[in-house]
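Below is one structure, written out as structure tokens; the observations come after it.
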């Protein structure tokens with residue numbers, strides 16, 4: 001109410017009362033701090049990040065050309081099979097991508113195996129699939145024996161050592177439908193699928209550890225929430241002081 | 001006599017413990033223990049409601065205005081913590097890793113905006129509902145009606161996720177099909193709301209908060225202790241779990257630690273879980289930012305959240321209750337990621353199968369071999385969270401229908417008996433609509449609830465923000481803003497439903513990405529604000545009495 005023009009008019013950018021002005025200034029300062037803390041950090045994360053391949057992707061890429069044109073050695077095929085199995089063991093995997101990699105992996109295992117082992121493998125995979133479809137409880141003893149035998153058999157073919165976590169996942173990714181061929185469509189898609197799951201946005205903020213967390217994760221999941229409570233507390237304390245100074249009636 | 005009672009209680013407890021222990025499986029069977037816990041908790045809420053019953057309508061809406069700041073903060077937290085917080089948030093992080101944290105940040109950061117820009121002023125304005133404020137500030141019965149309709153739409157959208165959560169937990173407890181679980185769950189929550197609708201809501205909310213938070217946190221201490229992490233403060237201790245997921249846990253390091261299915265506590269290196277906007281999760285930087293922004297302004301625009309500020313005695317208490325409310329909310333939000341991280345390792349083996357993400361909190365506790373009674377308490381906490389929110393939302397929606405729409409716009413002279421009947425009819429109709437939508441299973445609970453936030457963000461938030469902070473915002477401007485916001489919302493939701501129903505609309509991919517249903521407010525809210533400002537500038541100014549009221553009552 002300082003000028004005729006502003007009589008009984010109020011806006012965030014032109015507050016016309018002293019409490020509104022003080023409140024606006026405080027709000028503006030805190031909103032800027034809040035915005036920088038929330039969005040500024042994520043922008044910084046985005047600016048600093050670099051697509052970083054996992055070692056498995058590098059191994060895959062080193063053998064892929066030979067696998068694709070059919071000139072891969074046994075060791076190269078083993079590297080190929082192990083790298084696809086690594087992705088098959090991951091926590092995020094879309095069904096379509098799983099099908100592509102199941103094809104690649106099963107084909108590779110059967111390609112590496114000699115005639116005798118191949119026959120044994122085919123039989124083991126087929127009976128294991130039948131058993132899997134039949135049981136309702138994975139503690140079924142027969143199922144466990146079949147799974148473990150298949151794991152040892154196929155694991156030795158692709159060069160996995162006992163104690164490798166992938167050994168227990170391996171039997172579930174061998175499919176009879178893919179034993180004899182690697183479809184052109186799946187072959188074309190394989191490099192893109194591998195890159196998709198084995199490349200991650202990393203930077204100093206993601207690689208630094210803080211209280212056990214990757215730093216960026218701690219900042220977003222823990223710190224920001226503490227910060228929000230702190231900002232609210234600060235606002236209340238400051239507003240109480242402003243209202244006291246300006247004799248604003250808060251009892252309504 | 002005393003001895004007989006004690007013996008009977010002991011006998012009952014032993015049978016109860018035995019039944020509960022025998023009954024827990026990941027899915028499939030009726031679980032006696034969890035069922036008893038669930039029923040007991042619901043009965044407790046009704047009992048507390050009867051004891052602290054509201055005497056009249058004003059007492060119901062304003063809860064006596066005699067509640068402490070801490071108590072009010074607990075009520076804010078309980079009102080806020082729904083199935084989306086309890087079940088949905090862990091599901092989002094379990095399913096999309098770092099991307100899910102956008103929901104954690106969005107649903108908490110919004111309270112800062114709400115406090116700094118609106119809480120005290122809303123309390124000073126002195127209306128009971130969002131529609132009340134809109135009708136009064138914009139001196140329009142039509143806008144009052146629009147405000148009421150928007151409040152009903154938001155309540156319905158918000159409830160869909162809650163009903164889905166109730167359905168999932170009933171499915172888990174009763175061991176029945178999801179469709180039947182939603183039908184039974186809807187019937188129970190409707191009966192609960194009709195019985196307890198006018199009963200001591202605020203006191204109940206405080207008790208609900210305590211039950212929700214205890215049931216959510218106890219399993220975390222046990223899980224972290226069992227799997228050899230720093231368990232004293234699980235919200236910090238799980239940092240090592242996240243790092244272990246990133247770098248992998250070899251079999252050799254699992255040292256005999258196994259899940260309830262016998263799989264080792266081991267995982268191959270999976271940086272995609274924690275790295276920002278990882279390609280494998282299918283989410284992008286833009287989506288992360290858009291979700292955070294939409295949820296934040298949605299938080300500051302949700303009618304049932306704003307309404308909480310009317311129930312505190314003074315404007316100062318309204319402000320401080322936000323601080324306490326946010327702190328209590330954060331206790332749950334700091335904890336939810338722990339379930340997703342531990343659950344990720346415990347369910348890493350493909351033999352665990354595809355788990356319903358929305359029930360991952362309960363599955364994690366089961367896979368971690370936690371005592372079935374504690375798992376039952378956890379499931380009951382999930383249902384309590386959904387019930388507390390649903391009953392509040394159904395009552396808010398029904399009062400928007402009966403009080404704001406029917407009495408104040410359609411039939412001003414209707415009798416109190418008629419008003420009560422309309423409120424009950426409104427509650428039943430809303431519950432049926434919500435139950436039907438929940439059966440469609442269109443998205444995760446958290447995502448369904450996020451639609452309500454975006455809807456609030458493009459409609460209510462601009463009306464409150466400009467209504468409080470710019471006296472130049474007038475009736476025509478408000479109408480233009482609502483139209484702009486609703487157009488964006490309708491476009492987004494139409495494309496979303498069409499895609500889910502297999503209908504191909506033009507530019508579907510473009511709209512699905514840029515106007516996603518859980519973040520369309522990123523563009524909708526600025527457009528609504530812009531439309532409001534432009535039209536307000538071009539039309540007749542706000543009446544003097546409103547401007548005078550804003551200056552003398554709200555900003556002085």
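Throughout, read-outs are computed from the coordinates displayed, never taken from laboratory work. Just so we're clear, the structure is a prediction, and the values are computed from it rather than from any experiment. As a convention, Cβ positions derive from the backbone with ideal geometry for all residues, glycine included, and neighbour counts pool all protein chains shown.
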Open item on the list: Between residue B:230 and residue B:257, what is 0.36 nm times their sequence separation minus the Cα-Cα distance? Round to one decimal in nm.
Closed with: 8.2 nm
Task: Expected 222 nm ellipticity per residue - DSSP helices of 4 or more, -39500 (n - 2.57), all of chain B, to 500 - done: -22500 deg cm²/dmol
Open item on the list: Test of understanding: what is the full-extension gain from residue A:114 to residue A:241, defined as 0.36 nm times their sequence separation minus their Cα-Cα distance?
Closed with: 37.4 nm
- [ ] Calculate the spin-label point distance for residue B:46 paired with residue B:70, positioning each point 7 Å from the Cα along the beta-carbon direction, and give it in nanometres.
- [x] 3.2
Open item on the list: What do you get for the angle between helix B:141-174 and the principal long axis of chain B? Use alpha-carbon atoms, 0 to 90 degrees, nearest ten.
Closed with: 10
Open item on the list: Roughly how far apart, in whole Å, are the Cα centres of the stretch B:432-493 and the stretch A:132-168?
Closed with: 52
Task: Added length on full extension, which subtracts the Cα-Cα distance from 0.36 nm per residue, residue B:30 to residue B:286 - done: 87.8 nm
TODO: Would you calculate the separation in nanometres between label points at residue A:127 and residue B:504, each defined as 7 Å from the Cα along the Cα-to-beta-carbon direction?
DONE: 4.8
Open item on the list: How shielded is B:261-272 by partner chains, expressed as the average number of their Cβ atoms within 10 Å of its Cβ atoms?
Closed with: 6
TODO: Using only Cα atoms, find the angle between the long axis of helix A:55-68 and the longest principal axis of chain A, and express it within 0 to 90 degrees, rounded to the nearest 10.
DONE: 40
TODO: Would you please give the FRET efficiency between residue A:25 and residue B:411, computed as 1/(1 + (r/R0)^6) with r the Cβ-Cβ distance and R0 = 41 Å, to the nearest 0.05?
DONE: 0.30
Task: Tilt relative to chain B, helix B:285-299 - C-alpha long axis, 0 to 90 degrees, to 10 - done: 60
Open item on the list: Starting from the 7 Å offset along Cα-to-Cβ, what nm value, one decimal, do you get for the label separation of residue A:44 and residue A:69?
Closed with: 4.8
Task: Highest average packing first - B:388-396, A:237-245, B:488-496, Cβ atoms within 10 Å - done: B:388-396, B:488-496, A:237-245
